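Asks: Please find one structure pasted underneath; my questions will follow.
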Amino acid sequence: MTPKNTWTNGKNAWNAFRKRKATSRPPTGANRTNARKKLKQTWSTADYAKVVGYYKFKEKPEEVLRTYDEILTTAPWLYYYAEQKANYLFEKERNEEALAIFRQLLEQRPYDSDLFEKIGDLHIAQKNEAEALHWYKLAVKAKGGGEDYSIGDKIEKLENHKKYNAYFQALNMETAAKDRRWESRYPNEESVIS
């Protein structure tokens, strides 16, 4: 039996979800315990999400990673969780592990511009600007060359950083502060802006 008005039912479900999300509290130990008990009987991404949320809130990174591994062992086709694990590793500054997962994901999704961008972000964190620029350009190409301001801004920042270094010399503020030659040109002034 199908619902009479799918749009209304979908709209009501969406509103209920938004209301529940707006009033949601930090995950509690009871939620995690209940979710863990349910997971012993049935497999549910919602219960795994509660467990991961709880461990993230309690700042238990090894438990978070162990839970992601449980999910991926049971359902390796859920690339979303592999990507979430890699994002979490990146957040915890475990860049090499995150990069390995992103590269594995590229084998399944070789034209995913978001993965290219995240790999570029990882290389920026590792201070490897040339490699980051390469991955950002691949991300733009994977999107069909269309305008993507977030990636475009990153590319522009990296390319212009190189270009402007040839034109402008970095000013050492300590040396400039010690230079008092301006006093002879402006004897009645206590400071000069140039």
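Asks: Would you tally the net charge around A100, using a Cβ to Cβ cut-off of less than 14 Å, leaving A100 out, and scoring K and R as +1, D and E as -1? Don't jump to the answer; show the numbers that get you there.
Replies: Numbers: positive: K85, R94, R103, K118; negative: D69, E83, E96, E97, E107.
Summing Lys and Arg as +1 and Asp and Glu as -1 gives -1.
Asks: Using 0.36 nm per residue of separation minus the Cα-Cα distance, give me the extension gain between D69 and N87 in nm, one decimal. Walk me through the numbers before you get to the answer.
Replies: Values: separation 18, 0.36 × 18 = 6.48 nm, distance 1.39 nm.
Extending this stretch completely gives an extra 5.1 nm.
Asks: Given a Förster radius of 30 Å and the C-beta distance between L106 and D153 as r, what FRET efficiency does 1/(1 + (r/R0)^6) yield to the nearest 0.05?
Replies: According to the calculation, E is roughly 0.85.
Asks: Quick one: which of 71-78, 92-99 comes out on top by average Cβ neighbours within 10 Å, and what's the full order, highest first?
Replies: Working: 71-78: 13.2, 92-99: 14.9.
Result, highest mean first: 92-99, 71-78.
Asks: With a probe of 1.4 Å, find how much accessible area region 43-143 has per residue, and write the answer as a whole number in Å². Provide the component values of the computation, followed by the final result.
Replies: Details: 5500 Å² over 101 residues.
For region 43-143, the per-residue accessible area is 54 Å².
Asks: How much accessible area does K154 have with a 1.4 Å probe, in Å² rounded to the nearest 10?
Replies: K154 has an accessible surface of roughly 60 Å² with all protein chains in place.
Asks: Just subtract the alpha-carbon distance of M173 and E129 from 0.36 nm times their residue separation and send over the number in nm, one decimal. Working shown, then result.
Replies: Values: separation 44, 0.36 × 44 = 15.84 nm, distance 2.60 nm.
Fully extending the segment from M173 to E129 adds 13.2 nm.
Asks: Can I ask one more? Computed FRET efficiency, Cβ-Cβ of K137 and N95, R0 22 Å: what is it to the nearest 0.05?
Replies: On the way: r = 20 Å, r/R0 = 0.93.
Between K137 and N95 the formula returns 0.60.
Asks: Continuing with this model, one more query. My understanding is that a pair violates if its Cα-Cα distance is over 30 Å; which of K157/K178; K56/K118; K50/K118 do that in this structure?
Replies: Check vs 30 Å cut-off fails for K157/K178.
The values are calculated or read from the model by the stated rules, or taken from the named source; none is laboratory data. Bear in mind the structure is a predicted one, so any value in this text is a computation, not a measurement. Ideal geometry is used to build each Cβ from the backbone, glycine not excepted, and the neighbour counts take in all protein chains shown. We work out accessible area using only protein heavy atoms, side chains counted, and drop any ligands, DNA or RNA first. Shrake-Rupley method; radii C 1.70, N 1.55, O 1.52, S 1.80 Å.
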